Amino acid sequence: MERINLNNVAAFVVVARECSFTRAAAQLGLSQSSLSHAISALEAKLGVRLLTRTTRGVSPTEAGERLLATVGPYCEGIETELASLSEQRDKPAGTIRISSHDHAVRTILWPKLSKLLPAYPALKVEFSIHYGLIDIVAERFDAGVRVGDQVARDMIAMRISPDFKMTVVGSPSYFSKRKAPLVPQDLTEHNCVNLRLPTHGGLYAWEFEKEGQELSVHVQGQIILNTSGETVTAALEGYGLAYVPQDVADQHIAAGDLVQVLDDWRPTYPGYHLYYPSRRNPSPAFLLVLDALRNRA
């Protein structure tokens with residue numbers, strides 16, 4: 001059998017429920033002649049009569065009653081779901097999935113969105129920690145967060161943080177047994193906390209910059225981690241030097257729990273950007289998250 005026009009089936013359901021072409025046509029926004037033609041086409045396709053037409057109105061035949069009982073609930077479910085989706089245009093609801101570095105989650109995403117969520121109980125946000133440059137469309141994320149120079153050109157990017165610096169820190173107990181490095185090359189003589197990035201599979205080389213001079217140092221140490229958050233903990237406990245964002249280290253430096261070294265070699269990284277594919281009709285929930293994360297500095 002050739003494919004049946006589902007619009008005609010939906011039209012039949014309305015006529016059968018209303019027992020009137022006039023009322024059904026008004027609901028569907030069709031002329032009575034167009035509606036009658038749709039029902040006739042459906043009956044011709046099925047090879048059975050679905051409605052009994054009289055001067056007093058219409059009523060389903062036995063076959064029509066059977067079809068109404070079978071497809072009617074499905075039509076109601078579709079109408080209910082479409083109405084629910086339409087309501088989301090007017091209120092933020094649903095889950096927004098974001099792929100991000102753990103540093104951005106701790107220092108930007110969570111501080112900003114945690115203030116937003118209590119006012120919108122139907123809004124949910126899922127953070128997924130990724131260091132690799134994943135395809136957010138293929139992985140079904142709504143957005144990703146990366147430093148500015150890592151955002152793909154075919155994405156829309158919005159800055160959500162100012163530029164930030166990286167720094168090298170160690171605990172006072174660590175430096176009580178070792179001399180502080182004076183230049184980045186001295187790090188090869190120190191026990192350093194390494195970070196393994198999935199993008200390249202290797203250990204992250206510490207990057208430095210001073211008066212236009214840039215260099216990278218591959219450090220050695222007893223500890224290798226795959227997220228940056230625990231590198232601060234390792235440094236605080238005296239296991240070695242850590243290469244961390246300045247804003248993460250500042251509170252520990254101020255408290256005297258960490259000592260900053262190579263201060264004049266701190267590199268500057270472009271700020272974090274939220275990136276996402278172009279979308280014609282963004283949901284209210286996504287627009288709300290965008291506005292909350294927008295960098296206004």
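Just so you know, all these numbers are worked out from the coordinates, no wet-lab data involved. In this text the structure is predicted, and so the values were computed from the model without any measurement. Methodologically, a virtual Cβ is constructed for each residue, glycine included, from the backbone with ideal geometry; neighbour enumeration extends over all protein chains shown.
Summary of computed values
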read-out: Amide H contacts under 5 Å for Met166, placed H, 5+ residues apart; value: Gln246, Tyr269
read-out: Whichever lysines have a C-alpha closer than 27 Å to that of Lys124, once near sequence neighbours (fewer than 8 apart) are set aside; value: Lys91, Lys112, Lys115
read-out: Modelled label reach - Thr80, point 7 Å along Cα→Cβ, segment 1-38 residues with backbone N closer than 16 Å; value: none
read-out: Proportion of all alpha-carbon pairs of segment 137-211 beyond 19 Å (%); value: 59
read-out: Which of Pro270, Val219, Ile108, positive extreme of dipole for the chain (C-beta unit charges); value: Ile108
read-out: Gained length - Thr227 relative to Thr268, 0.36 nm times residue gap less alpha-carbon distance; value: 12.8 nm
read-out: Förster radius 35 Å - calculated FRET efficiency between Lys115 and Glu189, Cβ distance, rounded to 0.05; value: 0.20
read-out: Summed residue charge, Cβ within 13 Å of Leu117's Cβ, Lys/Arg positive, Asp/Glu negative; value: +2
read-out: Zone of Thr22's modelled label, taken as backbone nitrogen in segment 36-59 under 17 Å from a point 7 Å along Cα→Cβ; value: 36, 53-59
read-out: Segment 1-139: equivalent-ellipsoid semi-axes (sqrt of 5 x gyration tensor eigenvalues, Cα, Å); value: 50, 18, 11
read-out: Long-range HN-HN contacts of Leu51 with modeled amide H, under 5 Å; value: Thr61
read-out: Net lengthening on full extension, Leu6/Arg294 (0.36 nm per residue, minus Cα-Cα); value: 99.3 nm
read-out: Rg to Rh, two decimals, where segment 115-262 supplies the alpha carbon set and Rh follows Kirkwood; value: 1.02
read-out: D_trans [Stokes-Einstein, Kirkwood Rh over alpha-carbon pairs] for the chain, 20 °C, 1.002 mPa s, µm² s⁻¹; value: 88
read-out: For His273, distant residues with modelled amide H under 5 Å away; value: Arg146, Val147, Gly148, Ile160
read-out: Segment 218-230 - phi-based ³J(HN,Hα) in whole Hz, Karplus 6.51/-1.76/1.60, Gly and Pro as x; value: 8, 8, 10, x, 7, 10, 10, 10, 10, 9, 6, x, 7
read-out: Per-residue HN-Hα couplings for segment 26-36 [Karplus 6.51, -1.76, 1.60; θ = phi - 60°; Hz; x = Gly/Pro]; value: 5, 5, 8, x, 10, 7, 5, 5, 5, 5, 4
read-out: Relative contact order for segment 6-87, counting Cα pairs under 8 Å that sit 6 or more residues apart, in percent; value: 28
read-out: Label-point gap, in nm, between Leu46 and Glu65 - each point 7 angstrom along Cα→Cβ; value: 1.4
read-out: Backbone HN-Hα couplings from phi across segment 186-193 [Karplus 6.51/-1.76/1.60, Hz, Gly and Pro as x]; value: 5, 5, 5, 9, 10, 7, 10, 8
